[in-house]
Amino acid sequence: MEVQPNNPLHGIKLSQIVTELQEHYGWEYLGYTIKIKCFTHDPSVKSSLKFLRRTPWARTKVETLYLKMLKNKTRE
């Protein structure tokens, strides 16, 4: 696997991102922050992954929120 020093998401699976965000913020906050149905109506990791893999704009928002969460965790 090629090393990508400028890509903080390199090697992190989308399922890990969604799971960690859900554990940290909860589905309600995720649905409020990123207005997508898979976070607001009967949310699950499986349905979220299916949607995010097909929808680049939503995946970008989720990845951005994940990076913000990591940045805030390192400050603490």
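Could you say which residue among 9, 21, 14, 30 is modelled with pLDDT under 90, within 18 Å of residue 60 (Cβ to Cβ) and open to solvent by less than 50 Å² (accessible area, probe 1.4 Å)? Give the steps one after another, and end with the answer.
Numbers: 21 fails: modelled with pLDDT under 90; 14 fails: modelled with pLDDT under 90; 30 fails: modelled with pLDDT under 90.
The match here is 9.
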Which pairs do you get when a residue that is touching a residue at least 60 places away in the same chain (Cβ under 8 Å), found in segment 17-35, comes within reach of a residue that is surrounded by 15 or more Cβ atoms within 10 Å (Cβ to Cβ), reach meaning Cβ atoms under 6 angstrom, with the pair 6+ apart or on two chains? none
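The values are calculated or read from the model by the stated rules, or taken from the named source; none is laboratory data. This one's a predicted model, so the numbers in the text were calculated from it and none came from an experiment. As a convention, Cβ positions derive from the backbone with ideal geometry for all residues, glycine included, and neighbour counts pool all protein chains shown. Note: areas computed on protein heavy atoms with side chains; ligands, DNA, RNA excluded. Shrake-Rupley method; radii C 1.70, N 1.55, O 1.52, S 1.80 Å.
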